[in-house]
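The values are calculated or read from the model by the stated rules, or taken from the named source; none is laboratory data. Every value quoted in this text rests on a predicted model; they were computed, and no experiment measured them. Methodologically, a virtual Cβ is constructed for each residue, glycine included, from the backbone with ideal geometry; neighbour enumeration extends over all protein chains shown.
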Amino acid sequence: MSANTVTANTRIVGAAKSGLAFQKAFLAIILVVLVMAVSQLFPATRNNFFTEANFINVLKSASIFIILAMGETIVLIGGGVDLSIGGMMAFSGVVVILLMNAGVPIPVAIALALLVGLGVGAINALISVYQRAEPFIITLGMGIVLTGAGQQLTNARPVSSKVPAFADIANFKILGPIPLLVVVMIAVVAVTYWVLRNTSFGRNVYAIGGDAEVAKYSGINVRRTKATTYLICGLLAALGGVMLASQLNSASSIAGDSTALYVVCAVVVGGTSVAGGLGGAIKSLIGLLLLGLLTNAFNMLQVDSYVAYLPTALLGVIIVSILWLDSFTRKRRREAV
Amino acid sequence: MSAVTQPLEARRSVSQTVGNFLRDNPIYVAIVGLVVVTSIVEPKFLTYSNFDNIIRSAGTLIFAALGMTFVIMAGFLDLSIGGIISLVAVVTVTLIDRVGQGPAILIGLTVGIVCGLINSGLILSSGALTQAESLFITFGMSLVYGAVALMYVQGVTQFLTYSESDISIFNAINSGTIGFLSVFTAMAVIAFVILFIIERRTYMGRAVVLTGGNKIAARLAGVPISKSIVMIYAISGLLSAIGAVVLVSRVTLADPTMGTPYMTQAILAVVVGGTALAGGRGSVLWTVVGTFLLVLLNNCLNLLGVSSYVQFMIWGIILITVIWLDTVKQARVRG
């Protein structure tokens, strides 16, 4: 009897989950078809969109966001959220450029910037995990603090690097037209995928995101696991900032203003739930690439100023509809179980 | 004997009450301390013109924060107010020469309410019950409203360059007086009194607080959750729209991105006042206090010559500290 009930419940949850995956995939296909159709409609984009150069361009501009998104994915799966990644990215870029300009060797400067990322992740973890404060607002506040600190250090002006070798880190071409930045991004995705799939830490993250109480009674150290997710997220946000600074060979304290919410939305578009327990590295990769492709396609359509702001509006509509679907599916699942 | 002990006990309980208050509201204490320091260091602080300046700079923020209070009390968030303020500002200013200033303002306020209704419609239809869901949905809508504002004026800032009689309402809001009160202060007081009555004296006000306390329990107890969600977002939209009109009057222009900073500032004002971010506990009265504390803080730091970037950092630190202390306090209350 009880075995039957369990099977029935599993089946309902399983059906709801595959329903969710189906709807997401369906939506993604519609989006891609839409992009392709729209881009073929206008003479200006007909020739440019489906070119190797353009796809590499999309990949390059999405790479930084994808590095950030991997950390955010781990935090979201664990049932938290980190909105400080935009501020962290901008701040670590400023730190690395200022240190190098002050004569610190490149590897030391990068290591220090990554350490700052770990430190900020530790503060986020301390307040939102160990003190159980609301992570949205704590990390939002942390983002504001980091942006302000970056502005104070640079007088809110972009700072350019005086060390030309630093630019090679992101821009060095290793495989034909593919720069090192893309390789770093792929490595980060691969490691995240492996950690989430094949390590006990990864399984624990899914468990605490699914139900923290159950995870606790199963013997998982919930606090330490959750704190680790924030540390990873801070580290990867700092890495993203270093790569961005290297790509542009300069840094701006306000570079990350809307980054955090964009990345979270893209991660959710990919299929990671804001409620925790569901998601994955590849899903987030797809979400980020989809939004990157969409933005790219819309940017190509900037024929006059009226249309110039249409991409943002459409991006908002798409984000809202996918988040709406995410909540709606969860509501149906609640009602089913 | 008892005559000797009673005053002692009374004295102790007063000091305990003061001690508890200091412990529970360190932000109030810190900002009042800053005000004292500023008034000693910088005599300009205690002048009438500075006082006037403080009241005025509460402008848009107080309306946006009053609207946000109900949303947060019900356990939700509204990140779309930045987009709503931008949209209402450009709609109102561009409509003045087509339909006249009165109708333009009315249309602007209607746009605000409609935006709020759209938000609540999305949240209700998706069955979103958590703060996180409302946060992301309203953030997405903020992008939409902001982009519509940009498209509507094609990214161009609109100036209030009309003849004096065409914009008399805006001038009145900016500099007019009713008796000894400025028009702006009167508007803020009226908005506050209406919201305070809704909060304390109406069924819907209690429904909002109960929704924030525990949504499932509230629903089972027959509290009209859907109605309160529609109401809080409509109120938030309307008050953001009023804030937009005040902002336009003050700076005499409408920029399609001018609303963006108010999103975090309004949340900050609400939580600094003492309303619990988790919902279920709070008051528009506290929000008024919170708004003035923030404006005072800003004014003091300006007079003390602190750079605007450091001020920005301080806002972030205050946001973190307030939420942190509130969490610690809640944990103590629960035991």
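Here B:Gly273, B:Gly316 are screened, and the one residue that is within 25 Å of A:Val120 (Cβ to Cβ), buried (at least 20 other Cβ atoms within 10 Å of the Cβ) and not charged (D, E, K, R) is B:Gly316.
The single condition among (1) closer than 23 Å to B:Met68 by Cβ; (2) more than 7 Å from every other protein chain (Cβ to nearest Cβ) that B:Leu319 does not satisfy is (2).
When the range B:244-264 is examined, which residues are found to be assigned to a helix (DSSP H, G or I), more than 16 Å from the chain's Cα centre (by Cα) and among the aliphatic types (A, V, I, L, M)?
Within the range B:244-264, B:Val248, B:Val251 meet the criteria.
Number of residues in the range B:112-144 that are of a type in the set (A, V, I, L, M, F, W, C), surrounded by 24 or more Cβ atoms within 10 Å (Cβ to Cβ), more than 7 Å from chain A (Cβ to nearest Cβ) and out of contact with any Asp or Glu (no Cβ under 9 Å at 6 or more places or on another chain): the value is 1.
Within this structure, B:Val183 passes the test of being under 23 Å from the mean Cα position of the chain (by Cα) and more than 18 Å from B:Met231 (Cβ to Cβ). Note on the range B:303-316: among residues that are in a helix (DSSP H, G or I) and either of a type in the set (S, T, N, Q) or at the interface with chain A (Cβ under 7 Å from one of its Cβ atoms) (or both), the one that is nearest to the chain's Cα centre (by Cα) is B:Trp315.
Being under 27 Å from the mean Cα position of the chain (by Cα) and at pLDDT below 85 is true for just one of A:Ala3, A:Ala16. Which residue is that?
So the residue among A:Ala3, A:Ala16 that is under 27 Å from the mean Cα position of the chain (by Cα) and at pLDDT below 85 is A:Ala16.
Looking across the range B:121-139, the residues that are more than 19 Å from the chain's Cα centre (by Cα), assigned to a helix (DSSP H, G or I) and closer than 20 Å to B:Ile267 by Cβ come down to B:Leu122, B:Ile123, B:Ala132, B:Glu133, B:Phe136, B:Ile137.
Considering the conditions (1) touching a residue at least 24 places away in the same chain (Cβ under 8 Å); (2) within 14 Å of chain A (Cβ to nearest Cβ); (3) assigned to a helix (DSSP H, G or I); (4) closer than 22 Å to B:Leu268 by Cα, B:Ile85 is excluded by exactly one of them, (2). In the condition set (1) at pLDDT 85 or above; (2) within 12 Å of chain B (Cβ to nearest Cβ); (3) farther than 28 Å from B:Phe312 by Cα, A:Gly279 is compliant with all but (2). Scan the range B:200-243 for residues that are among the hydroxyl-bearing types (Ser, Thr, Tyr) and outside any helix (DSSP H, G or I) and the total you get is 1. Selection of the range A:192-243 for residues being exposed (fewer than 13 other Cβ atoms within 10 Å of the Cβ) and of a type in the set (Val, Ile, Thr) yields A:Thr199, A:Val214. What is the number of the single condition among (1) within 12 Å of chain B (Cβ to nearest Cβ); (2) modelled with pLDDT of 85 or more; (3) closer than 19 Å to B:Met263 by Cβ that A:Val267 does not meet? A:Val267 satisfies all of (1) within 12 Å of chain B (Cβ to nearest Cβ); (2) modelled with pLDDT of 85 or more; (3) closer than 19 Å to B:Met263 by Cβ except (3). Of the residues screened, A:Ser253 is one that is within 14 Å of chain B (Cβ to nearest Cβ), crowded, with 22+ Cβ neighbours inside 10 Å and more than 28 Å from A:Ile318 (Cα to Cα). Among the candidates A:Glu52, A:Glu72, the residue that is at pLDDT below 90 and among the acidic types (Asp, Glu) is uniquely A:Glu52.
Going through the range B:147-159 one residue at a time, which ones are buried (at least 18 other Cβ atoms within 10 Å of the Cβ) and either of a type in the set (A, V, I, L, M, F, W, C) or in contact with a Cys (Cβ under 7 Å, 6 or more places away or on another chain) (or both)? Passing the criteria: B:Ala147, B:Val148, B:Ala149, B:Leu150, B:Met151, B:Val153.
Residues in the range B:149-165: is at least one away from chain A (no Cβ under 14 Å) and under 17 Å from B:Ser240 (Cβ atoms)? Checked against the condition, which is being away from chain A (no Cβ under 14 Å) and under 17 Å from B:Ser240 (Cβ atoms), the range B:149-165 yields no hits at all.
When the range B:172-181 is examined, which residues are found to be part of a helix (DSSP H, G or I) and either in contact with a helix residue (DSSP H, G or I) (Cβ under 7 Å, 6 or more places away or on another chain) or within 7 Å of chain A (Cβ to nearest Cβ) (or both)? Residues satisfying the conditions are B:Ala172, B:Ile173, B:Asn174.
Residue-by-condition table, conditions (1) over 30 Å from A:Gly150 (Cα atoms); (2) outside any helix (DSSP H, G or I):
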{"site": "A:Val205", "(1), (2)": "yes, no"}
{"site": "A:Glu213", "(1), (2)": "yes, no"}
{"site": "A:Ala237", "(1), (2)": "no, no"}
{"site": "A:Met243", "(1), (2)": "no, no"}
{"site": "A:Ser246", "(1), (2)": "no, no"}
{"site": "A:Asp257", "(1), (2)": "no, yes"}
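Taking A:Tyr230 as the residue in question, decide whether it is among the aromatic types (Phe, Trp, Tyr), touching a Ser or Thr at 6+ places or on another chain (Cβ under 8 Å) and either outside any loop (DSSP other than H, G, I, E, B) or more than 19 Å from A:Leu285 (Cβ to Cβ) (or both). Judged against the criteria, A:Tyr230 is a match. Hey, does the range B:214-228 have a residue that's under 15 Å from B:Met73 (Cβ atoms), aliphatic (A, V, I, L, M), within 14 Å of chain A (Cβ to nearest Cβ) and within 23 Å of the chain's Cα centre (by Cα)? Yes; the residues of the range B:214-228 include at least one that is under 15 Å from B:Met73 (Cβ atoms), aliphatic (A, V, I, L, M), within 14 Å of chain A (Cβ to nearest Cβ) and within 23 Å of the chain's Cα centre (by Cα). Residue pairs whose Cβ atoms lie under 7 Å apart, sitting 6 or more positions apart in sequence or on different chains, and linking a residue in the range B:299-323 that is over 17 Å from B:Pro43 (Cβ atoms) to a partner that is among the hydroxyl-bearing types (Ser, Thr, Tyr) and at pLDDT 85 or above, are B:Phe312/A:Thr147. If you go through the range A:146-176 and keep only what is away from chain B (no Cβ under 14 Å), surrounded by 15 or more Cβ atoms within 10 Å (Cβ to Cβ) and on the phi > 0 side of the Ramachandran plot, you end up with nothing. No other residue among B:Ile197, B:Ile267 is crowded, with 21+ Cβ neighbours inside 10 Å and part of a helix (DSSP H, G or I) apart from B:Ile267.
All conditions in (1) more than 14 Å from chain A (Cβ to nearest Cβ); (2) within 20 Å of B:Leu129 (Cβ to Cβ); (3) not charged (D, E, K, R) hold for B:Leu277, with the sole exception of (1). In summary, B:Leu79 fulfils each of the numbered conditions (1) within 14 Å of another protein chain (Cβ to nearest Cβ); (2) more than 26 Å from B:Ile194 (Cα to Cα); (3) not hydroxyl-bearing (Ser, Thr, Tyr) with the single exception of condition (2). Checked against (1) more than 26 Å from B:Phe76 (Cβ to Cβ); (2) surrounded by fewer than 21 Cβ atoms within 10 Å (Cβ to Cβ); (3) modelled with pLDDT under 95, A:Ala122 passes all but a single condition, namely (3). Of the candidates A:Ile127, A:Ile123, A:Ile137, the single residue that is at the interface with another protein chain (Cβ under 9 Å from one of its Cβ atoms) and in contact with a Pro (Cβ under 9 Å, 6 or more places away or on another chain) is A:Ile127.
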